[in-house]
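*Asks:* Quick one: this structure, given as structure tokens, is what I'll be asking you about.
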Amino acid sequence: MDRLLLLLPTTTYRTEDFLDAARVLGVDVVCASEKPSTFEAHAPDHLLTLDFTDPDAAAAKVAELAGRRPLNAVVGVDDLTTVAAAAIAERLGLRSSAVAAVTAARDKYQMRQCLAAAGVPIPRFRRIALKDDPFLAARGVAFPCVLKPLALSASRGVIRANNVDQFIAAFRRIAALLQRDDVEVSGDAAQFLLAEQYLPGVEVALEGLLVGGTLHTLALFDKPDPLEGPFFEETIYITPSRLPADVQQAIERVTATACAGLGLGEGPVHAELRVNDAGPWVLEVAARSIGGLCSRTLRFGTGMTLEEIILRHALGWPIASLARERRPAGVMMIPIPRAGRLHAVHGTEAAAAVAGIEEVAITAHVGQELVPLPEGWQYLGFVFARADTPDAVEAALRDAHARLAFEIR
């Protein structure tokens, strides 16, 4: 039986879906997290504690485990684990992109440098030290601009500034965010932020799989809600895209060039792009799959999930088809409207009864402290829909969301 290592941070949404995929495939699973499990001593070959912020140490510890019982694949399920997963794979000779490539994709400044060198269309950018005077730093920036941390994800800490005063406020807000107890950054990610040109246009997300350096597009998502700032909270994703075929092809080409420019060659990628009259511009390329529970919108071949495809690829198993099912699908990530504690949730049954809605998953729990963007990163939950057209999917998601009510005190 093949043996698989999953890197599962305690904060991830992805644990259940990846474990379900492993069960379907019938592989032996080792689960690694950054916090020790009370059962680890009783199952040392199946539970592991790793420091994901120290990839070399994580690789050395896994090598000891693999010396007793070999591993056939390692998969990091989100941003926090991509570099550690690549380091482990490199140490054990398993399928993965190079550590240097994954590291570059994890650092927004390194990513920008690589993409610029490869001729990929990207916004103008500058790295700014957090020790610098924000007023002086703002003098070298053209407005509007977007400030963002180097290593956080899910739009956390991403803020638009239209003038010097807004730049200074955003600078200080990001600096304070990086000092929070629930933010773990080190090195350059703790000392710098990125300021880049704000690009107008529509935003899309491309979900892909790299096999031997070739990008296979699994899905292209429209984001119908405008993302203009000051914060960039994502809400609705819909696939297939409603953009013209030639625009979609241009998006795929520039994303493939971006992956090559970073040196990524194996495994899932999730890219974010803006599209305007000048064509597609790459905002981000992450060496991991789509976040949250959003992968539940995707089905492939004879009903395979995205997680099954990712595990099959990592294990070197055949994949019958990478073609997504034809029926349009979408997800709404339910935003947190304000800070406070969740007191009650109303309307879930009414939302689930909307035609086309497949699931309403409320992931926040009563009593939970809610932190909205840009300091927060979580959602109240996810709503999933399928219908005969992308427009019908969007309408179902908006109808279902309108029937939900959240008491936040």
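*Asks:* Taking every pair of alpha-carbon atoms in the stretch 150-274, give the share separated by more than 19 Å as a whole percent.
*Replies:* Percentage above 19 Å: 58.
*Asks:* Moving on. In square angstrom, rounded to the nearest 10, how much accessible surface does H313 have for a 1.4 Å probe?
*Replies:* Accessible area of H313: about 10 Å².
*Asks:* Right, another one. Given Cα pairs under 8 Å that are at least 6 residues apart, what percent is the relative contact order of the stretch 41-155?
*Replies:* 19 percent
*Asks:* May I ask for log10 I(q)/I(0) of the chain at q = 0.10, 0.13 Å⁻¹, from a Debye sum over the Cα atoms as equal point scatterers with solvent left out?
*Replies:* Taken in order of the listed q values, log10 I(q)/I(0) reads -0.68, -1.21.
*Asks:* Sticking with this structure for a sec: Once the piece of chain linking V211 and E369 is laid out straight, how much longer is it, given 0.36 nm per residue of separation minus the C-alpha distance between them?
*Replies:* Length gained between V211 and E369: 52.8 nm.
*Asks:* I want to verify a result. In a Gaussian network model of the chain, Cα cutoff 10 Å, which of these has the top mean-square fluctuation: S321, S289, S97?
*Replies:* With Cα springs under 10 Å in the chain, the top fluctuation among S321, S289, S97 is at S321.
*Asks:* Pulled fully out, how much extra length does the chain show between T389 and E407, if you take 0.36 nm times their separation in residues and subtract their Cα-Cα distance?
*Replies:* Residue separation times 0.36 nm, minus the Cα-Cα distance, leaves 3.2 nm.
*Asks:* If Lys and Arg each add +1 and Asp and Glu each add -1, what is the summed charge of the other residues whose beta carbon sits under 10 Å from the beta carbon of R327?
*Replies:* So the surrounding residues net to +2.
*Asks:* Per 0.36 nm of contour for each residue apart, how much would the distance between N162 and A339 grow if the chain were fully extended, relative to their Cα-Cα spacing?
*Replies:* Taking N162 through A339 to full extension adds about 61.2 nm, to one decimal.
*Asks:* Please check: in the Gaussian network model of the chain (C-alpha springs, under 10 Å), which one of V354, V331, V77 has the largest mean-square fluctuation.
*Replies:* V354
*Asks:* Say R0 is 30 Å: what FRET efficiency, to the nearest 0.05, do D56 and D28 get from their beta-carbon distance?
*Replies:* Once rounded, the FRET efficiency stands at 0.70.
*Asks:* Same structure, new question: I want the antiparallel fraction of DSSP beta bridges within the chain, as a percent rounded to 5.
*Replies:* 85 percent
*Asks:* Would you work out what percent of the accessible area of the stretch 291-343, with all protein chains in place, is carbon or sulfur (probe 1.4 Å)?
*Replies:* Solvent-exposed carbon and sulfur of the stretch 291-343 make up 52 percent of the total.
*Asks:* Using the alpha carbons of the stretch 220-299, what is the convex hull volume per residue in cubic angstrom, as a whole number?
*Replies:* 117 Å³
*Asks:* Also, quick follow-up: What does the accessible area per residue of the chain come to in Å², with a 1.4 Å probe and no ligands, DNA or RNA counted?
*Replies:* Result: 42 Å² per residue.
*Asks:* Take R409, R253 and sort them by solvent-accessible surface of the protein heavy atoms, 1.4 Å probe, largest at the top.
*Replies:* Largest accessible area first, the residues go R409, R253.
*Asks:* Could you tell me whether the stretch 249-350 comes out rounded, prolate or oblate from its Cα gyration tensor? Rule is a ≥ b ≥ c as square roots of the eigenvalues, rounded for a/c under 1.5, then prolate if a/b exceeds b/c, otherwise oblate.
*Replies:* Note, shape of the stretch 249-350 comes out oblate.
*Asks:* Select from A361, H346, C259 the residue farthest towards the positive end of the dipole of the chain; place +1 on Cβ of Lys and Arg, -1 on Cβ of Asp and Glu, and compute about the Cα centre.
*Replies:* It is C259.
*Asks:* Near K223, which lysines are there with a Cα under 21 Å away, not counting those fewer than 8 places off in the same chain?
*Replies:* Once the sequence-local lysines are set aside, what remains near K223 is K148.
*Asks:* Could you order H343, H270 by accessible surface area, starting with the largest, using a probe radius of 1.4 Å?
*Replies:* H343, H270
*Asks:* Note down the relative contact order for the chain as a percent, whole number, built from C-alpha pairs under 8 angstrom at least six residues apart.
*Replies:* So the answer I get is 15 percent.
*Asks:* Residue-wise, which Karplus ³J(HN,Hα) couplings in Hz belong to the stretch 180-190, taking 6.51 cos²θ - 1.76 cosθ + 1.60, θ = phi - 60°, and x for glycine or proline?
*Replies:* Whole-Hz 3J(HN,Hα) from phi for the stretch 180-190: 5, 5, 8, 10, 10, 10, 8, x, 4, 5, 8.
*Asks:* For K35, which aspartates and glutamates qualify as cross-link partners when the Cα separation must be under 15 Å and same-chain residues fewer than eight apart are set aside?
*Replies:* Excluding near neighbours in sequence, the set is D51, D54, D182, E184.
*Asks:* If you don't mind, another one. Can you tell me, using C-alpha contacts under 8 Å and at least 6 residues apart, the relative contact order of the stretch 250-356 as a whole percent?
*Replies:* Result for the stretch 250-356 is 18 percent.
*Asks:* In sequence order, what are the phi-derived ³J(HN,Hα) couplings for the stretch 68-84 according to the Karplus relation 6.51 cos²θ - 1.76 cosθ + 1.60 with θ = phi - 60°, rounded to whole Hz, with x for glycine and proline?
*Replies:* Listing the rounded values in order: 8, 9, x, 10, 9, 6, 9, 9, x, 8, 7, 4, 5, 10, 5, 5, 4 Hz.
The values are calculated or read from the model by the stated rules, or taken from the named source; none is laboratory data. Only a predicted model underlies this, so the values are computations on that prediction, with no experimental measurement involved. Cβ sites come from the backbone with ideal geometry, for glycine too, and all protein chains shown count toward neighbours. Keep in mind that these areas ignore ligands, DNA and RNA; they rest on the heavy atoms of the full protein, side chains included. Shrake-Rupley method; radii C 1.70, N 1.55, O 1.52, S 1.80 Å.
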